[in-house]
Amino acid sequence: MLARMAMSAAPQASTEPVFPTDTGFFGHPRGLSTLFFTEMWERFSYYGMRALLILFMTAPLTAGGLGFETGQAAAIYGLYTSMVYMTTLPGGWIADRLIGAQRAVLYGGILIACGHFSMAFPSLMTFYLGLFLIVIGTGLLKGNVSVIVGRLYAPDDVRRDAAYSIFYMGINLGAMIAPLVCGYLGQRVSWHTGFAAAGVGMTLGLIQYSAGRKHLGVAGLHPADAGSPAETARRRRSALVWSAAVISGCALFGIGAATGVLPVTATAVADVAGYFLLIVTVAFFGWLFFSPGWTPEERKRLYVIGVLFLAAALFWSEFEQAGSTLSLFADRDTNSSLLGWAFPSSWFQSMNALFIIACAPVFAWLWVRLGRRGKEPSSTAKFAVGLMLVGAGFAVLVVAGTIAQQGVRVSPLWLTVVYLLHTWGELTLSPVGLSAMSKLAPVRIGGLVMGVWFLAASVGNYIGGRLAAFYESMPLPTLFGMVAAFGVGAGIVLLLLARPITRLEGRPQ
């Protein structure tokens, strides 16, 4: 769900022409409607496929699945969701240097649709090809569509924040509907029909994006100005060479692995990706903390960024188990029926988006209310509460897991409570994250530090996916209890450190 909140929240400054007099979409530029539905259908395709992914991989061959062991499926799932976040960084770089945000969204959508339709064919090679195309396509589309939203408005346009709220509702609408449609088709008709439905959704998004693109004007149409034609040409050559080299290398490696030419396994690739994430994270923060030239105030704030990064990574490692551990628990250990009517287990994954739509206005009102009274918690305190809430969700699962171990399918109310607590945790932490990063980052590395938020999401998704590997090898109460203890424990520690961390930010207590 971080993809819905974080990637839609950060407006970008721009000198491009905007639409101050265009109020054709609920008082906003008509281009916002184009982006609203593009993102809605992209999230429909992503969450529709994700609702089926680990279930399809672990389903036996006789049931049309891949028959993977849970550990192997968890490794692939963690690698996939992690790379979806990582590729938003090079996706933004390509848009800025080579093709512009508008074309990046178009090309990304085409790749995503091709990826889902590739997974509609019952072949291991087309399965891996589909995941690869979706990762690359999402990297091009996800961050850049949010950038275009900001560029429809002047920096001082008072409609700007409201635009992102409307855009955010489109994201959650797609995420809520997707498991209901794709999940039903995948689990009740065939897995590949569900994947194809996700591709149809992205295709519908592309059709309306192409039809409504004229309303975007030049917002995000061109790459960033390099200052001179010669420098523009140099940047284009550099971007083309690097992009072609990386994509070709990844494609050749994937084909080689899928066909058996290269003696590697999906688990081994996921292990290497984990080491890569660790190296990137350590190297980045090593450079950040030990680089000379920071003022004492900037250095203190960099330490706060490091603490919030760890908290965010831990939060997403628990929250993003919705598509892995919680999906397996819903399918194997939960009674998926209501008033005698059985529904697909993947439908549980619509709950988070439904609760977001219902609860987001309440949280927004709460922070404003507390702020007016001078009692609004600090960013660190909100992070702490978010961690405790996501941990509390897994504490609920300790009881449910104990019941399930007796061979009883538990009531769907258990997972309903879990998703409600997790949603409250998301609303407490996620909206604060980007805001905190933008406020704490030194001006000269503001964009780079914003990437830290996506890196935390990538690390968290990777860990969350790998934790599902213990679903069969560890008693469920023990697994859920460990995850709950980490979340609640980290939240308590962070809450105790909230005051000194706030002092490092240079803000009043």
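Rg and Dmax of the stretch 283-424, based on Cα coordinates, read 19.7, 66 Å.
Dipole magnitude for the stretch 104-209: about 120 debye, using +1 per Lys or Arg Cβ and -1 per Asp or Glu Cβ, origin at the Cα centre.
Relative to its Kirkwood radius, the Cα radius of gyration of the stretch 285-324 gives an Rg/Rh of 1.20. The region of the chain that goes longest without hitting one of the trypsin sites (Lys or Arg not before Pro) in a DSSP loop, each with at most 16 other Cβ atoms within 10 Å, is 1-372.
Stokes-Einstein diffusion for the chain, with the hydrodynamic radius set to the Kirkwood value over Cα pairs and evaluated at 4 °C in a medium of 1.567 mPa s, equals 55 µm²/s.
Would you work out which of Trp347, Ala245, Val410 lies farthest towards the positive end of the dipole of the chain, given +1 charges on the beta-carbon of Lys and Arg and -1 on that of Asp and Glu, about the Cα centre? After comparing all options, I get Ala245. Note on the stretch 392-445 and the stretch 51-100: Cα centroid distance 21 Å, given to the nearest whole angstrom. In a simple Cβ point-charge model (Lys, Arg +1; Asp, Glu -1; nothing else charged), the chain has a dipole of about 900 debye relative to its Cα centre. With the charge dipole of the stretch 375-492 set up from +1 on Lys and Arg Cβ and -1 on Asp and Glu Cβ about the Cα centre, the Cα lying farthest toward the positive end among the listed residues Ser430, Pro442, Tyr471 is that of Pro442. Its Cα centre serving as origin, the stretch 283-411 has a Cβ charge dipole (Lys and Arg +1, Asp and Glu -1) of approximately 500 debye. Near the amide H of Thr334, within less than 5 Å, lie the amide hydrogens of Val410, all on another chain or at least 5 residues away, with H placed in the peptide plane.
Laboratory data are not the source of any read-out in this text; all were calculated from the coordinates shown. The structure presented is a predicted model; accordingly, all values stated were derived computationally and were not measured. All Cβ positions, even for glycine, are placed from backbone atoms using ideal geometry, and neighbour counts span all protein chains on display.
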